[in-house]
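Some notes on the structure that comes next.
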Amino acid sequence: MASAGTAGMAGMAAAGGTAAGKAAGGRAPRAPSARTGPRGSDPSLDGFREVQRLAYECAEAVAAQLRPGVTEREAARMQRRYLAERGVRDWFHLPFAWFGDRTAFAGFRHPLQFFPTDRRLEPGMPFILDMAPVHRGYTADIGYSGCLGPHPLHEKLLDDLAAHRALILEQVRERRSLREIYLAVDQLMVRQGYENRHRAYPFGVIAHRVDRVREGWSPTLFGFGLQALKGLASDALRGHREGWSPLWSPYRFSDHPPRPGLWAVEPHLGFRGTGAKFEEILVVTDSRDPEESAFWLDDDLPHVRRWQDCGSQEGKRP
Amino acid sequence: MSGSEPTADGGREPAASGAPALEGASVRRVRTAEGVELCVAELGERGRPPVVLVHGYPDSKEVWSEIARQLAADFHVILYDVRGCGRSTAPKPLRGGFTLEKLTDDFLTVINAVSPDRPVHLVGHDWGSVQGWEFVTVRRTEGRVASFTSISGPSLDHFGHWLKKRANRPTPRRVGQLLAQGAKSWYVYALHTPALPELAWRGPLGRRWWPKLLNRMERVSTDDYPTSSLPDDAAHGAWLYRDNVRSRLLRPRDDAYAHTPVQLVTPTGDAFLSPRLYDELELWAPRLTRRTLAARHWAPRTRPDQLTAWVGDFVRANEPDAEAAAGGGTRNGIGAPRRLPAAGAYADHFGGRLVLVTGAASGIGRATVFAFAEAGARVVAVDRDAEGAHRTAEMAALIGAAEAHAEVVDVADESAMEKLADRVRTEHGVPDVVVNNAGIGLAGSLLDTTTEEWRRVLDVNLWGVIHGCRLFGRQMVERGQGGHIVNTASAAAYLPSRSLGAYGASKAAVLMLSESLRAELAEHDIGVSAICPGVVNTNITNTTRFAGTDDKEEQRRRRQATRLYGRRNYPPEKVAAAILRAVVRNEAVVPVTPEARAARVLGRLSPRTLRLTARLRPPV
């Protein structure tokens, strides 16, 4: 388990918090970024890790139940029910499910097309489950790509996502601007022969910030939790004043170094009607130690295990 | 064997004078219950999948000579002269002796003699295919035929239903289809007149005019074809029409469903059969694979390589005994039956065909390779960027390419291109489609362009295309079985601009070269298309040289251009689709983006306006 593995580093914890405060330059960043100590030591990170794991467990459980004939709506409902049974009451966004060429957002023109449809799963079809539950005030936002039966192309896409995960972490540690990193990911996709499909997301984001959410009344609006939207909006407002943005996009407003905090990163590859993505939380701190300055919240996730199992050369760019 | 061929019953078969040799064939005579003697030839090793080739009208089994020779490497090939043709005897009397029922008896007699325990794969051309449809739709052959490849010959029953449907419920379109096919069928009416056709065939038509007609109208090489038995074949064969056409077209069978997988090969330039005849054929043949070939009616003579490949693939895919297929399938070095057919656009045209694309590591070239791969082609991705070319080939193999290879070559390098052409020919064969796409960008004022920059842009953009056209065009001409060359020009080829002078000059040269080459190669059935994409979102903006700028300024302009092209966001996939369409329709010049098309129209309507726009300072 990643948390156990990194527990040994907890000894170096103390300095991190104060360094964070200083490096933030009096901009008074809010939870949990500034409070984040070294990897795995922060109790609030445990909360995020727990809900992220719960979400991935849900994805694996639902994926295991998918059969030919299941519709996207049914798959979304299955995710919702699974998480509701385990205490999830609020959402960053409600679960999505995309089947077939909808995994590559083929022909998407307006955001309503993201919502689950009556498209039925067929043998050999790829699918993506995407959900963002809030559990005890902690948010996760995950994406899970799978396929009903063997699909060599889909497997290739999943393999190639490993390079993106490594690239993003490397460049965030180098403190490149988010826009630059976005374009570097774009270039890697072009070299791989893929299309960038996260450009289809609202504002074309490859990532967005997630944060703690107040528990209580939790309505949703167009599939997004109002509490989470509120958090994002206030981030956006403060970011606008301070010159950063909670949305990681290819546009000028993302032309700033990575902002400490939790980022749900979701590179999405598309290739001629087949799409694959992962989504997980990247922790950015303001530590000077590169290892500590950014790390994936959890390395014990299905897609990471898959790369390790295949002996896939994670970290090596093609 | 020269002079004589052994017969199965120990006798010697005298070779008809002037007959093209089915070299190495063992020939035997099979006697039907009715007393007709059929001449059956066999090639290739027995025990391999048996393939029966049935000829059409006016022909004899020698029409298959080239295809039979090639198929014999992998299969047990069986050919026979239809009754009344070649060295088979004619029934007496002729009238009523050529009904499809009797022809089915002949077929069963032949396959029972040569392949009593194993179902055969059937291939028919023209009347051979008409017969084939009968063989695979009647119950008594069930279990005896494993697959059927139909070339230029519809089922008379399907044809009858086709006519009925159009005559009973005429719409303008249906009437048009009726009239079009009606005009193509003139010879059918002529053959129904008594005695005259026989007189004509036995007179100068059969003896002198027919070879010339075949050569001129069908581009069939007549060195060793047709055989000297043609006048008799043609005179006897007239009864094929008289005995079957009227009865079947007026009262078509309602149960003419194929009980085998069918591969339908439709030549697009067939003077006698409209491709519309095969609309809705899926209703009659549920396991149908469609193939489309740019050829005329006598495709077995003019396109033997492609037909052999398709027949071979189809036989292997439908061979019940997988091990035997693996043993027999040595072409391409892999014997396992392939996935058939591919699903992409124009899969019927490009399935199994060899396509070579230069500049295939990115942008339009890569998208073109992928589009051909989705259509099931065998692709060769050429680029000087080894990593990119290999990546393209790797991805192409995942999306349906029958084979995918990468070649690392700089198209500007003459000797490297010559080696490439030799290598491709020996390893994969002559390409059916060559896309000369590799190109580099060069922007900036002409006065600032150095000679070195000029040389580089001409070397790649023009000389690369010249080498590709010269080397592969030569291979296509030598093979003599058609082909297509696509050259990527540019909208800058006809759109003057103060900032793209050198690039535009190189592309204008490509455009004119393509148009001239098209004229030159037309007589060889080789098409040439020039593609003028326009502003397309590819990597070219990141590698374009900006003349008269230093490194930093160049980087800035590249970024700016990339952003501009990104905002236009015209995907290379659409250009690739235009390239496939251009090959299928044999289009000469294809402007792709709306602005490229508008500029071309404007250049004709008002060249002056176009010249004025050339003076505008570009945003980059």
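The values are calculated or read from the model by the stated rules, or taken from the named source; none is laboratory data. The shown structure was predicted, so the numbers you read here are calculated from the model rather than taken from an experiment. Note that we place each Cβ from the backbone using ideal geometry, even for glycine, and neighbour counts take in every protein chain shown.
Contact map, segment B:282-308: first residue acidic (Asp, Glu), second residue part of a strand (DSSP E or B), Cβ cut-off under 7 Å, separation 6 or more or different chains; pairs are B:Glu282/B:Leu288.
Let's see how each residue does on (1) assigned by TED's automatic domain parsing to the domain that holds B:Ala361; (2) surrounded by fewer than 24 Cβ atoms within 10 Å (Cβ to Cβ); (3) modelled with pLDDT under 95:
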residue: B:Glu478; (1), (2), (3): yes, yes, no
residue: B:Val486; (1), (2), (3): yes, no, no
residue: B:Ser490; (1), (2), (3): yes, no, no
residue: B:Ile531; (1), (2), (3): yes, no, no
residue: B:Asn542; (1), (2), (3): yes, yes, yes
residue: B:Thr562; (1), (2), (3): yes, yes, yes
residue: B:Ile579; (1), (2), (3): yes, no, no
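A Cβ distance below 6 Å, combined with a sequence gap of six or more or placement on separate chains, defines the contacts here; from segment B:217-228, residues that are in the same structural domain as B:Leu22 (by TED's automatic domain parsing) reach residues that are aromatic (Phe, Trp, Tyr) in the pairs B:Glu218/B:Trp298; B:Val220/B:Trp298. Within segment B:221-255, being buried (at least 20 other Cβ atoms within 10 Å of the Cβ) and part of a loop (DSSP other than H, G, I, E, B) holds for B:Tyr225, B:Pro226, B:Thr227, B:Ser229.
Of the numbered criteria (1) closer than 18 Å to B:Leu240 by Cβ; (2) among the charged types (D, E, K, R); (3) touching a helix residue (DSSP H, G or I) at 6+ places or on another chain (Cβ under 6 Å), the one B:Lys184 fails is (3). No other residue among B:Thr392, B:Thr368 is within 14 Å of chain A (Cβ to nearest Cβ), touching a residue at least 60 places away in the same chain (Cβ under 8 Å) and of a type in the set (Ser, Thr, Tyr) apart from B:Thr368. Being at pLDDT below 90 and either more than 14 Å from every other protein chain (Cβ to nearest Cβ) or within 21 Å of A:Ile128 (Cβ to Cβ) (or both): is that true of A:Leu226 here? In short, yes.
When B:Leu196, B:Leu213, B:Leu179, B:Leu240 are checked against the criterion of being in contact with a Leu (Cβ under 9 Å, 6 or more places away or on another chain), farther than 14 Å from B:Asp59 by Cα and assigned by TED's automatic domain parsing to the domain that holds B:Arg287, a single residue qualifies: B:Leu213. Can you spot a residue in segment B:259-273 that is buried (at least 18 other Cβ atoms within 10 Å of the Cβ), touching a His at 6+ places or on another chain (Cβ under 8 Å) and farther than 26 Å from B:Leu293 by Cα? Checking segment B:259-273: not a single residue is buried (at least 18 other Cβ atoms within 10 Å of the Cβ), touching a His at 6+ places or on another chain (Cβ under 8 Å) and farther than 26 Å from B:Leu293 by Cα.
Entry remark, segment B:476-506: residues being farther than 15 Å from B:Thr358 by Cβ and either in a strand (DSSP E or B) or of a type outside the set (Gly, Ala, Ser) (or both) number 12 in total.
Of the residues making up segment B:492-529, just one is closer than 27 Å to B:Asn215 by Cα, surrounded by fewer than 22 Cβ atoms within 10 Å (Cβ to Cβ) and among the polar types (S, T, N, Q), namely B:Ser516.
Scanning segment A:229-253 for residues that are surrounded by fewer than 24 Cβ atoms within 10 Å (Cβ to Cβ) and not in a loop (DSSP other than H, G, I, E, B) yields a total of 17.
Across segment B:395-438, the qualifying residues are those that are surrounded by 21 or more Cβ atoms within 10 Å (Cβ to Cβ), within 14 Å of another protein chain (Cβ to nearest Cβ) and small (Gly, Ala, Ser), and the one among them that is farthest from B:His349 (Cα to Cα) is B:Ala406. Just one residue in the set B:Glu515, B:Glu523 is more than 21 Å from B:Glu595 (Cβ to Cβ), in a helix (DSSP H, G or I) and in contact with a strand residue (DSSP E or B) (Cβ under 9 Å, 6 or more places away or on another chain); that residue is B:Glu515. A residue that is outside any loop (DSSP other than H, G, I, E, B), within 14 Å of chain B (Cβ to nearest Cβ), charged (D, E, K, R) and surrounded by fewer than 20 Cβ atoms within 10 Å (Cβ to Cβ) cannot be found anywhere in segment A:166-175. Considered as a group, the residues in segment B:346-392 that are surrounded by fewer than 24 Cβ atoms within 10 Å (Cβ to Cβ) and aliphatic (A, V, I, L, M) include one that is farthest from B:Ala416 (Cα to Cα), and that residue is B:Ala347. Among residues of segment A:144-158 being more than 11 Å from chain B (Cβ to nearest Cβ) and farther than 14 Å from A:Phe99 by Cβ, the one that is surrounded by the most Cβ atoms within 10 Å (Cβ to Cβ) is A:Leu158. State whether one or more residues within segment A:276-290 are within 14 Å of another protein chain (Cβ to nearest Cβ) and under 22 Å from A:Leu94 (Cβ atoms). Yes - at least one qualifying residue is present in segment A:276-290.
The selection criterion, being within 28 Å of B:Arg456 (Cβ to Cβ), touching a residue at least 40 places away in the same chain (Cβ under 8 Å) and more than 10 Å from chain A (Cβ to nearest Cβ), holds for B:Val380. The residues in segment B:129-149 that are closer than 16 Å to B:Arg248 by Cβ and either surrounded by 21 or more Cβ atoms within 10 Å (Cβ to Cβ) or of a type in the set (Asp, Glu) (or both) can be counted, and the count is 9. Would you confirm whether or not segment A:208-219 contains a residue that is over 24 Å from A:Trp98 (Cβ atoms), part of a strand (DSSP E or B) and either of a type in the set (A, V, I, L, M, F, W, C) or modelled with pLDDT of 90 or more (or both)? No; the residues of segment A:208-219 include none that is over 24 Å from A:Trp98 (Cβ atoms), part of a strand (DSSP E or B) and either of a type in the set (A, V, I, L, M, F, W, C) or modelled with pLDDT of 90 or more (or both). Between B:Ala258, B:Ala309, B:Ala285, B:Ala295, the distinction of being out of contact with any helix residue (DSSP H, G or I) (no Cβ under 6 Å at 6 or more places or on another chain) and outside any helix (DSSP H, G or I) belongs to B:Ala285 only.
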